[in-house]
1. Here are some conditions: (1) at pLDDT below 95; (2) over 20 Å from residue 410 (Cα atoms). Residue 36 meets all but one. Which one does it not meet?
2. Among the residues of region 27-39, is any part of a strand (DSSP E or B), away from the ligand (no atom under 16 Å from the Cβ) and over 15 Å from residue 96 (Cα atoms)?
3. Among the listed residues 140, 104, 117, which satisfies the condition of being at pLDDT 95 or above, in contact with a helix residue (DSSP H, G or I) (Cβ under 8 Å, 6 or more places away or on another chain) and more than 23 Å from residue 34 (Cα to Cα)?
4. What's the number of the only condition in (1) at pLDDT 95 or above; (2) crowded, with 18+ Cβ neighbours inside 10 Å; (3) more than 27 Å from residue 165 (Cβ to Cβ) that residue 65 fails to meet?
5. Just to confirm my filter: which helices (runs of 4 or more DSSP H) fall fully inside region 326-397 and include at least 1 residues that are at pLDDT 95 or above, more than 13 Å from the ligand (Cβ to nearest atom) and surrounded by fewer than 23 Cβ atoms within 10 Å (Cβ to Cβ)?
6. For region 11-26, what are the residues that are over 14 Å from residue 140 (Cβ atoms) and in a loop (DSSP other than H, G, I, E, B)?
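The values are calculated or read from the model by the stated rules, or taken from the named source; none is laboratory data. Keep in mind the model is a prediction, meaning the values are calculated, not measured. Note that we place each Cβ from the backbone using ideal geometry, even for glycine, and neighbour counts take in every protein chain shown.
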Ligand SMILES: Nc1ncnc2c1ncn2[C@@H]1O[C@H](COP(=O)(O)OP(=O)(O)OP(=O)(O)O)[C@@H](O)[C@H]1O
């Protein structure tokens, strides 16, 4: 039980791509920011300094490396750097010191005891937080939608989960995880542009002068800019392009003629204009048809596309609709009916145009005929809401009066050790 000063609790939701943080009880995160840090590598007094502020990372800098704060599974790899990241984020976004705030942390859906213990230890020992709570993303998303039992389909930047939640608890044994998310579509679109001979140039690599109708691009000397800094900027450009152009087809792409898909015109920051046709549907189709079907289609187009070795682990993934039914089938027979009628799509990747309606359609085809199937996002569809459902659930939970006795306090930690997190935060 935490009985400290009356400071609102803070919800911290660190995704592999985006971090959301803000006060419990508020509708929206105070800050939605990149899960990347920058490190100054030039010789001198500032060498090794960690930059966490996104506009400062974006700022044109030589001798500057950019790296993610969590790995592609959503786990912190360098706790020292993470501590700096968290301290700065709280200070800059909420004007708050870590020692003042009860922290409600979201965590990936797959239970990882070692990571929880380490996180608990660091937060209490090094960050001196007064109390904390750790809760799975799927559980919080279900709270955000006012449900305590549902099947959460969470598709973010690097992973896609089908996670059944029953009466506020995730069913670990029936949760499925696939290492695929929005980053797959981004990388395929980048490959597509390369194959068309369209290079993506980061903004710092050229100067642009506009004279009436004419735009002049002059390349700049990029010596000193690191590869990670370049990749960070290119990823952003590709992501904006992806979020505008991608479309989920209403029927399987194999049954559709790619050339009949309406093309989309786009202009890169350096003024290069091009059109993308059926490929805008082809790559997101991976979420409904799996990697093999996409590769077959890519081979038909005659391009030099091959499944790279890194993607071989996706061979078992044949579509989110199958992930959902498989996950439900692994849950107890008694609750399957309720899960089928409460399917929640969340995570930024589900924002792709057409995703939700295709999901509903596919599920109707494969789910048992006698059951009601309902897939929804329960949100109005704004980007923040889709990507921030874990934050919203944490915001609701953290502000409930009945929750206040559930905090894991520093005193309890000192008396029982980090292992108590397993009991306090099931
Ligand atoms: N409108 C959109 N169309 C397509 N993709 C989108 C759209 N909006 C966001 N995304 C994608 O969603 C992904 C980010 O989703 P989200 O913020 O849920 O991920 P995350 O929580 O950081 O990652 P993870 O779930 O892997 O930890 C990015 O790949 C982003 O490009």
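1. (1)
2. Scanning region 27-39, I find at least one residue that is part of a strand (DSSP E or B), away from the ligand (no atom under 16 Å from the Cβ) and over 15 Å from residue 96 (Cα atoms), so the answer is yes.
3. After applying the criteria, what remains is 117.
4. (2)
5. So the answer is 333-340, 355-366.
6. Passing the criteria: 16, 17, 25, 26.
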